[in-house]
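Data first, discussion second: the structure below is written as structure tokens.
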């Protein structure tokens, strides 16, 4: 069995490590204590050998490969198979093992997903680059249920297992582009989903992005009407005041630092349209560093990009909203990822 990873739930906060293992895996106290004392458990990245150590909600727990083995056995007159959990000292290697689903490498994004906040109704996540937030409707319709299992897992599909409750789905209420990093909230109950979706629809959610651009954009409130095809096959702004299917899009741009031919900026979203920041900045003549879709005016050639960025440099740095249960306004901030910081540091050093 591969290494086990999950996040401590709110109901488990304050439990000891041994108590958590005993209840999650139906172990005896002796079995649970032995697993911890033998150094098979990490909590929040730190090795622990103390069964009495207390855990907190949101802590990531890692249990070493082979520390807990799940076997399926039959009872005397079984109606169903039963699961028996038995701790073992170490896995015994076998010659030329057959490759099974359980032996395949773990999803590479599991270690990169940061759980920023977790309770019974919501989970706030810091999404890494190159990970799709959720399956879109067109893709769902095109592939169907059987074919979708062969597609790369989305963040929404990975989260339940990461939280330790694989059968409890999360509800996406907004999304980030695959290459965009930063803060996302998912609902864990239907009540929370309804509340959050209402807030997003009314544009009361506080969302701020940090971006790196080619050129220095004007500090401005950009307002336009988006259509699926602006005339060159790309999403974008229409010159018509009320085009069919048009959606109002509003972005506030603030320059945080001028860095020669580039700039670090903040974008506040008053609306949440697909590719909104990327489109508005590209159409303004100051596209994101690394942008390859909205990097040109309508009918024009791409703007030069010598930034060295390998993806669009856009990061959802701040997220705030009214908590669905407490009704208090809560907010979080996330530092820019390593590739963003490296690029920014390189330009700052040249000044």
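Couple of notes before you dig in:
- Stretching the chain fully between residue 331 and residue 47 yields a gain of 99.2 nm (0.36 nm per residue, less the alpha carbon separation).
- Alpha carbon centroid spacing (whole Å) that separates the range 210-241 from the range 279-344: 13
- Residue-span extension gain [residue 56 to residue 11] - 0.36 nm each, minus C-alpha spacing: 15.3 nm
- Using the Cβ-Cβ distance between residue 240 and residue 37 with R0 = 56 Å, the FRET efficiency computed as 1/(1 + (r/R0)^6) comes to roughly 0.20.
- Residues 213, 204, sorted so that the one with the fewest Cβ neighbours within 10 Å comes first: 204, 213
- A simple spin-label model places the labels of residue 298 and residue 194 4.1 nm from each other, with each point 7 Å out along Cα-to-Cβ.
- Stretchable slack from residue 220 to residue 341, in nm (0.36 nm times residue separation minus alpha-carbon distance): 41.1 nm
- Least to most buried among 54, 234 (fewest other Cβ within 10 Å first): 54, 234
- Distance between the 7 Å Cα→Cβ label points at residue 110 and residue 178: 2.3 nm.
- Gyration tensor (alpha-carbon) shape descriptor, the range 213-328, a/c threshold 1.5: oblate
- Ordering of 154-162, 182-190, 319-327, 236-244 by packing [mean C-beta count within 10 Å, highest first]: 182-190, 154-162, 319-327, 236-244
- Rounded is the label for the range 1-72. Its Cα gyration tensor axes, ordered a ≥ b ≥ c, give a/c under 1.5.
- The ranking of 252, 60, 221 from fewest to most other beta carbons within 10 Å of each one's beta carbon is 221, 252, 60.
Read-outs: derived from the displayed coordinates by stated rules, not from any lab. Treat the numbers as computed from the prediction; the structure is a model and nothing was measured. Using ideal geometry, Cβ is built from the backbone for each residue, glycine included, and neighbour counts are taken over all protein chains shown.
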